[in-house]
1. Could you state the angle between the C-alpha long axis of helix B:34-45 and the longest principal axis of the C-alpha atoms of chain B, as a value from 0 to 90 degrees rounded to the nearest 10?
2. Helix A:11-22 against the longest principal axis of chain A: what's the angle in degrees, Cα atoms only, rounded to the nearest 10?
3. Hey, if you put +1 on the Cβ of every Lys and Arg and -1 on every Asp and Glu Cβ in chain B, which of B:Asn24, B:Gly13, B:Met1 ends up farthest toward the positive end of that dipole?
4. Other chains near A:141-148: what is the mean number of their Cβ atoms within 10 Å of each residue's Cβ?
5. Computed over the Cα atoms of the range A:332-412, what is the ratio Rg over Rh, Rh following Kirkwood?
6. Answer rounded, prolate or oblate for chain A, using the Cα gyration tensor with square roots of eigenvalues a ≥ b ≥ c: rounded when a/c is under 1.5, else prolate when a/b is larger than b/c, else oblate.
7. I want to verify a result. In a Gaussian network model of chain B, Cα cutoff 10 Å, which of these has the top mean-square fluctuation: B:Val108, B:Val55, B:Val28?
8. Can you pull the percent of the range A:154-226's accessible area that's carbon plus sulfur, 1.4 Å probe, other chains left in place?
Amino acid sequence: MTDLVIIGGGPAGMSAAVAAYESGIRDILILERDENLGGILQQCIHNGFGLHKFGEELTGPEYAWRYEKKVRELGIPFKLNTMVLDITEDRVITATSSEEGVFQIQAKAIILAMGCRERSKGALNIAGTRPAGIYSAGTAQKYVNRKGYMPGKNVVILGSGDIGLIMARRMTLEGASVKAVCELMPYSGGLARNIEQCLHDFNIPLKLSTTVVEIHGKDRVTGVTIAAVDERRRPIPETREYIPCDTLLLSVGLIPENELSKSAGISLDRITGGAEVDQDRQTSVEGIFACGNVLHVHDLVDYVSEEAEIAGRSAAEYIKGAKPGDESVRITTDGKVRYTVPQRVTADKAVNVYFRVADVYKNVTIQVYRDGEPVYAKKKARVAPGEMETLRIGEDIIKGAKELKLGLEVSGQ
Amino acid sequence: MKRNLTCIVCPMGCSIEVELDGANVLSVTGNTCKRGAEYAKNECTNPKRTVTSTVRCENGEIISVKTDRAIPKDKMQECMKLINNARPCTPIAIGDIILSDVFGSNVVATQHSAAHNS
Ligand code: SF4
């Protein structure tokens, strides 16, 4: 029996481990499938991490090392090259590694910190062939930054999420020519600073409301046809334009990696794709917690660490005997607010609610409703789907509430 | 003359408007904090960027690196050439200088080489 098993040794898993240790738990084990700790940060060699958490600008590997160093100093055990195959509701973990073969661990508590994966190109509806030269932006990032191998010379990027933007700059710096970044939506899913420093700095055009409608080439990509889309996101034939290129990068979004959560019978949120959790990040299965991108996709790793600390501390309390509260108040949304994390609260204490909105809205009032009555409002000049928002709901509002709801009142577009 | 900028100092990405008279900055508006004002001034007079990249070590290993301070924006490609021509020896620890005196900065490792941890 192990007190706490953490699945995933990326930023979420390491932060959770350190927080649990600092809350008095010693019998901890981190299981990581890669050959290093650090997760996706290992390949995120650009900077901009840690401003919130450490007050300085770090690259991904440096941010990861801050936590790995802690894990090593505290002597928290971890197993690398270890793949978790299954988790049961009563917290039996089945894993495999080349050293130990298949083995099982019974845990008092589990923290899920497996991160997310990229949406695949299979999910896309693009006509034409499927030659070599089509990569997800994250795969290309791994090739360039971990293996030192350039996937192509003339590049078109579909999707303007942050990884796509970062890769536009990265490949340009390494000598490639990035012809365009196409975005289906009328706004970019990436941070404004990345549009500035990754595209504008290198005169790479960002084509909004535009998509790739056809891929050309037999063995290798020879070009793509792009087209503008109308309000209903249907391509407009007259706007078709051929761009010769040898590489198409897809940066079309991330989804939580939740195969294991499903096998444990954890209920998932239809919108986030991650588990439904309470304020302690405890899932619907007692003793199983979740944090980081496996729960919902974050734009800043600083918030991943923050959330993982909550999960680490709560798991420690649970191991020491704390039980989840039995009355749970749901936090519902009005659609303009797409989702919240946590989705429910089970204790009468203040809670930081993370949420995302469905569209770009200007001059909004974020409203908290308690049993249908507006009880708290906060104004914001602009909100966008690409930027996660947070709001603190006070104890006085939560105490005695039967239902909480988060909504937006919009006075401009 | 007016110039509109997006501040890249932090993820807030504030829209900043700078009023210029030739190379003289007359006013900066739209920034949420002091760092934004400083960024806007520099961006209009001497724009700088931190370069992050990777270097191939002598043993073939790939290590991530960065300039330890921002360098003039128009020197980024030249800086990349220097980094791509370097072949440092392992072991390398985070913070080790890979190239010194590169347009007013040092290129330092942001990752340990594999041998370092074991
Ligand atoms: S002005 Fe300040 S708050 Fe706004 S983006 Fe720049 S550094 Fe961030």
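1. 90
2. For A:11-22 against chain A, the angle is about 20 degrees.
3. It is B:Met1, whose Cα lies furthest towards the positive end.
4. Per-residue shielding by partner chains comes out at 3.
5. Details: Rg = 12.0 Å, Rh = 12.7 Å.
Checking Rg against Rh, the ratio lands at 0.95.
6. Numbers: a/c = 1.99, a/b = 1.30, b/c = 1.53.
It is oblate, given that a/c is not under 1.5 and a/b is not larger than b/c.
7. Maximum fluctuation in the GNM of chain B, among the listed residues, is at B:Val28.
8. On the way: 1140 of 2230 Å².
Exposed carbon and sulfur together represent 51 percent of the surface.
The values are calculated or read from the model by the stated rules, or taken from the named source; none is laboratory data. In this text, all values refer to a predicted model and were calculated from it rather than measured experimentally. Methodologically, a virtual Cβ is constructed for each residue, glycine included, from the backbone with ideal geometry; neighbour enumeration extends over all protein chains shown. Surface accessibility is based on the protein's heavy atoms, side chains included, excluding ligands, DNA and RNA. Shrake-Rupley method; radii C 1.70, N 1.55, O 1.52, S 1.80 Å.
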